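The values are calculated or read from the model by the stated rules, or taken from the named source; none is laboratory data. Keep in mind that this is a model prediction, so the values were computed, not measured. In this analysis, Cβ positions are derived from the backbone assuming ideal geometry, glycine residues included, and neighbour counts consider all displayed protein chains. Please note that ligands, DNA and RNA were not included when accessible areas were found on the heavy atoms of the full protein model with its side chains. Shrake-Rupley method; radii C 1.70, N 1.55, O 1.52, S 1.80 Å.
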Amino acid sequence: MCGIVGYIGPRQAAGLLIEGLRRMEYRGYDSSGIAVVNGTGLKIMKSAGKLSALEQQLDGGMPSGTLGIGHTRWATHGAPTTPNAHPHTDQSGHIAVIHNGIIENAGAIRKMLQQRGHTFRSETDTEVLAHLIGELYRGSLEEAVAAALREVDGAYGLAIISEDEPGVLVAARKGSPLLVGVGEDEWFVASDASPLLEHTRSVVYLDDGEMAVLSRDGYRIRTLETAQIEKPVNQIEWDLTTIERGGYAHFMLKEICEQPESLQNTLRGHLLEEEGTSRVSGLNLSDDDLKGIERIVITACGTSWHSALIGEYMLEEMARIPVEVEYASEFRYRNPVIDERTLVIGISQSGETADTLAAIREAKLRGARTVGLVNVVGSTIAREVDGGLYLHAGPEVGVASTKAFTSQVAALALVTLRIARLRDLSILQGREFIHALQALPGQIQEILNRSADVERIAERFTDTTNALYLGRGVNFPAALEGALKMKEISYIHAEGYPAAEMKHGPIALIDENMPVVFIAPHDAVHQKIVSNIEEVKARGGRIIALVNDGDAEIERLADATFTIPTTLDLLSPILTIIPLQLFSYYVAVRRGCNVDQPRNLAKSVTVE
Ligand code: F6R
C-alpha cells in the first residue's frame with residue numbers, strides 16, 4: 001500500500017525522501033513522487049512506475065530544500081498515471097499534499113470547489129483535499145489542515161507542506177498509520193518505521209484524529225480541536241540490519257531462512273515446561289476469564305486467515321472450545337453472534353489491515369473480549385485490542401508472508417496450550433506439546449539445509465500453468481497457504497483443497513499437465529490421503545508429495561517427494577509449509593518474477 005515519508009531539518013530533503021521511499025518499496029506501489037520546499041518555492045517531481053523512473057527524472061539534479069514529503073502510491077481512485085501520482089497541489093500551487101487512504105466525500109467537495117472556480121488536474125480524492133486545504137488557508141497551514149479535515153469523511157494518513165511556510169510540516173492520521181520520527185534537530189513522518197530506522201529509533205505513534213506539527217524547533221501533537229496533547233516517545237527495537245537483505249537474493253528467501261530464529265523468538269519466555277503450560281499474560285485474561293470463554297472467533301485476512309484455520313483445529317482438539325474462523329472482511333458486515341463470553345482473536349502481521357481492524361472494532365462494540373496476535377509493535381491493531389501476544393518474528397519485508405505465518409501458528413499454539421491446560425489437557429500432554437514446540441526451530445533448520453532438493457523439484461515444474469494443493473486435517477490450511485504462496489509470486493494458478501474434496505469437482509482437472517502437491521505426513525489421516533494420491537495417479541496427474549521419512553508407499557506413487565521431520569500432528573503445518581514456501585520461491589525466481597514485489601499486491605492492506 002501507499003507509503004509516506006516527510007522530513008524537516010538541516011539536511012537536504014530530496015535524497016533522504018528517495019532513500020525513505022526505497023525502504024518502503026516492499027509495501028507495493030505503482031507511482032511515486034516528492035515535493036521539496038526551499039527559499040524560492042515548491043518543487044514537485046513525480047512519475048508513474050517504479051522509483052527508478054522518478055530517479056531518472058532527478059538525474060538532472062535533486063531539487064534543493066530542507067523540507068519535503070515523498071510518496072509511493074498504490075492506486076485506488078484513478079489509474080496509476082503520473083498526473084494521479086502524489087504529491088498533489090491546491091489551486092494556487094503553493095500547498096503540496098501526500099495521502100494514504102480514501103476521502104469518501106471527495107465527489108461532493110470536488111463539485112463544490114468547481115463551482116467556486118477550482119480546476120483539477122487528476123482523478124484523485126487527494127487533489128480534492130489539497131484544494132480544500134488551499135481554499136481554507138488563512139495564513140496558517142496547521143489551521144487550514146484542521147479545518148479541512150473537519151469537512152472530510154474517510155481515512156487518511158497525510159503529510160502537507162507549503163511554500164508559504166518553509167519551516168512547517170503538518171501530518172494527520174485517521175485510519176491509516178503514521179509515525180513521527182524524533183531525530184537530533186531533525187524530524188520525520190512516515191507511514192511505517194522502515195524509512196526512519198537509518199536516522200532514529202525514537203518514534204511517536206499517532207492515533208486516529210491526531211495531527212503532528214513539525215517545525216525546525218521540534219514537534220507538537222494535537223487533535224483537530226485541541227492545540228496540544230502529550231504523547232509518549234517509543235523506541236523501535238528493530239535496527240537497520242534487520243530490514244536489509246543481508247546477502248540473500250530476495251527478502252522472501254531471507255525471511256524463509258530466518259524461521260528457526262523467528263519461531264524461537266515467538267516462543268521465547270512463554271513456555272512453562274515444568275507445569276506443562278504456557279505463560280500468556282499479555283492476553284490480559286485471568287485463568288478464570290479463560291475458563292469462562294464459551295466460544296472463540298478468529299478473524300484475519302489472507303495468510304493470517306490460514307493460520308487462524310490451523311488455530312481452529314488446535315483449539316477445538318486440545319481445548320475443546322467451539323471456534324469459528326471468519327474472513328475479517330465478511331465478519332465486519334455480517335451480524336455476528338458474539339457476546340462477552342466470546343473471545344475474538346485478530347491475527348495480523350502488519351497490525352494495520354483495514355478489514356481486520358474494523359472486525360476487531362465491531363467485536364469490541366458488541367462486548368467481546370478482543371486479543372491480537374500481531375507482529376508489528378505499536379501497530380494500530382496491537383494498540384486497540386484488550387490484550388495480545390506480539391509475534392516477535394522481526395520485520396517481514398517480502399510481500400508474500402512467510403515467517404509471520406509460522407510465528408502466528410506458534411502463537412496460536414501458546415494460547416491453545418494455556419486454555420487447554422485449564423480444561424482437560426493433562427500435565428504430561430502439556431509437556432509433550434512443549435517438547436514438540438521446542439524441537440520445531442531445529443527441525444525447520446534441517447529442512448532448510450535441504451533447500452537444494454526443493455529447488456531441483458521446482459526446476460521440473462517451472463513451466464506449469466496450474467497446480468492443485470491437497471491436504472487433510474490440519475494440513476488442509478497448509479495446502480491453502482502453499483497454493484496462495486504459489487499464485488502470489490509466480491502467477492501460476494494454484495488452488496488448495498481438502499484432499500477428499502477433490503472427487504467432488506477438481507478431479508475433472510487432473511491430467512498429465514496438472515501437478516498435484518500432496519501434504520501427507522504420517523498422521524491420523526495418512527491412509528486416507530494415500531487413497532487420494534492413488535486417485536490422482538490413476539488419472540495421470542503428476543504428484544509431488546511431502547512425507548515423513550520412510551514412507552515407501554507414497555514414494556512409490558509420487559513423481560517427486562520431499563521428507564519432513566516428524567512432529568505432533570497439530571504442529572505439522574509449521575514444518576510442511578517450509579518446503580512449500582521454498583517451492584513457490586524457486587518456481588517464481590525461475591520464471592523471472594519479481595518475488596519481493598509481486599504485481600498488484602501490497603504488503604499492508606490499509607484500505608477496504
Ligand atoms: C499473503 C499475504 C497477505 C496477508 C494479508 C493480511 O502472503 O501477505 O495475504 O496475509 O493481507 O495481512 P496482515 O497479516 O498484515 O493482516
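Just a few scattered comments:
- Close contacts from region 520-535, counting a first residue that is within 20 Å of ILE577 (Cα to Cα) and a second that is polar (S, T, N, Q), with Cβ to Cβ under 6 Å and a gap of 6+ residues or different chains, come to PRO521/ASN548; PRO521/SER572; HIS522/ASN548.
- Qualifying residue in region 569-583 (condition: hydrophobic (A, V, I, L, M, F, W, C), buried (at least 17 other Cβ atoms within 10 Å of the Cβ) and assigned to a loop (DSSP other than H, G, I, E, B)): no
- Residues located in region 564-608, provided they are closer than 22 Å to LEU448 by Cβ, touching a Pro at 6+ places or on another chain (Cβ under 9 Å) and hydroxyl-bearing (Ser, Thr, Tyr): THR566, THR567, SER572, THR576
- Selection of region 419-441 for residues being open to solvent by 50 Å² or more (accessible area, probe 1.4 Å) and in a helix (DSSP H, G or I) yields ARG421, ILE427, LEU428, GLN429, ARG431, GLU432, HIS435, GLN438.
Listed here are the residues, each with its yes/no results for (1) touching a Pro at 6+ places or on another chain (Cβ under 7 Å); (2) modelled with pLDDT of 95 or more; (3) farther than 23 Å from ALA404 by Cα.
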| position | (1), (2), (3) |
| --- | --- |
| THR303 | no, yes, no |
| ILE310 | yes, yes, no |
| ILE321 | no, yes, yes |
| GLU330 | no, no, no |
| PRO336 | no, no, yes |
| GLU340 | no, no, yes |
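- Within region 334-348, the residues that satisfy the criterion of being without any contact (Cβ under 8 Å) to a residue 60 or more places away in the chain and within 13 Å of the ligand (Cβ to nearest atom) are GLY346, SER348.
- Residues that are more than 17 Å from ALA439 (Cα to Cα), among the small types (Gly, Ala, Ser) and within 17 Å of the chain's Cα centre (by Cα), drawn from region 398-428: GLY398, ALA400, SER401, ALA404
- Region 27-45, subset within 22 Å of GLN597 (Cβ to Cβ) and surrounded by fewer than 24 Cβ atoms within 10 Å (Cβ to Cβ), residue nearest to the chain's Cα centre (by Cα): GLY28
- If only residues of region 261-305 that are among the charged types (D, E, K, R) and assigned to a loop (DSSP other than H, G, I, E, B) are counted, the one that is farthest from GLN443 (Cα to Cα) is GLU294.
- Subset of region 511-532 (residues that are touching a Lys or Arg at 6+ places or on another chain (Cβ under 9 Å), closer than 24 Å to GLU455 by Cα and β-branched (Val, Ile, Thr)): VAL516, ILE519
- Selection within region 544-562: residues that are assigned to a strand (DSSP E or B) and under 22 Å from GLU495 (Cα atoms). The member of this set that is most open to solvent (accessible area, probe 1.4 Å) is THR561.
- Subset of region 381-402 (residues that are in a helix (DSSP H, G or I) and within 11 Å of the ligand (Cβ to nearest atom)): ILE381
- Here is the figure for region 1-17: residues that are more than 16 Å from GLU186 (Cβ to Cβ) and open to solvent by 10 Å² or more (accessible area, probe 1.4 Å) total 1.
- Looking only at residues in region 586-608 that are within 12 Å of LEU253 (Cα to Cα) and more than 12 Å from the ligand (Cβ to nearest atom), the one that is surrounded by the fewest Cβ atoms within 10 Å (Cβ to Cβ) is VAL589.
- For the residues PRO80, PRO87, the requirement of being surrounded by fewer than 20 Cβ atoms within 10 Å (Cβ to Cβ), touching a strand residue (DSSP E or B) at 6+ places or on another chain (Cβ under 8 Å) and touching a residue at least 40 places away in the same chain (Cβ under 8 Å) singles out PRO80.
- Complete set of residues in region 459-490 that are closer than 21 Å to ASP511 by Cβ, open to solvent by 10 Å² or more (accessible area, probe 1.4 Å) and within 16 Å of the ligand (Cβ to nearest atom): LYS487
- Count of region 379-391 residues which are in contact with a helix residue (DSSP H, G or I) (Cβ under 6 Å, 6 or more places away or on another chain) and surrounded by fewer than 21 Cβ atoms within 10 Å (Cβ to Cβ): 1
- Residue list for region 196-246, filter: part of a strand (DSSP E or B) and hydrophobic (A, V, I, L, M, F, W, C): VAL203, VAL204, MET211, ALA212, VAL213, LEU214, ILE221, ILE229
- Unmet requirement for GLU186, which otherwise passes all of (1) modelled with pLDDT of 95 or more; (2) touching a strand residue (DSSP E or B) at 6+ places or on another chain (Cβ under 6 Å); (3) open to solvent by 10 Å² or more (accessible area, probe 1.4 Å): (2)
- Within region 6-29, the set of residues being out of contact with any Asp or Glu (no Cβ under 8 Å at 6 or more places or on another chain) and either of a type in the set (A, V, I, L, M) or not in a helix (DSSP H, G or I) (or both) comprises GLY6, GLN12, ALA13, ALA14, LEU16, LEU17, LEU21, GLY28, TYR29.
- Test: residue in region 206-229 that is surrounded by 21 or more Cβ atoms within 10 Å (Cβ to Cβ) and either within 14 Å of PRO395 (Cα to Cα) or in contact with a Gly (Cβ under 7 Å, 6 or more places away or on another chain) (or both): no
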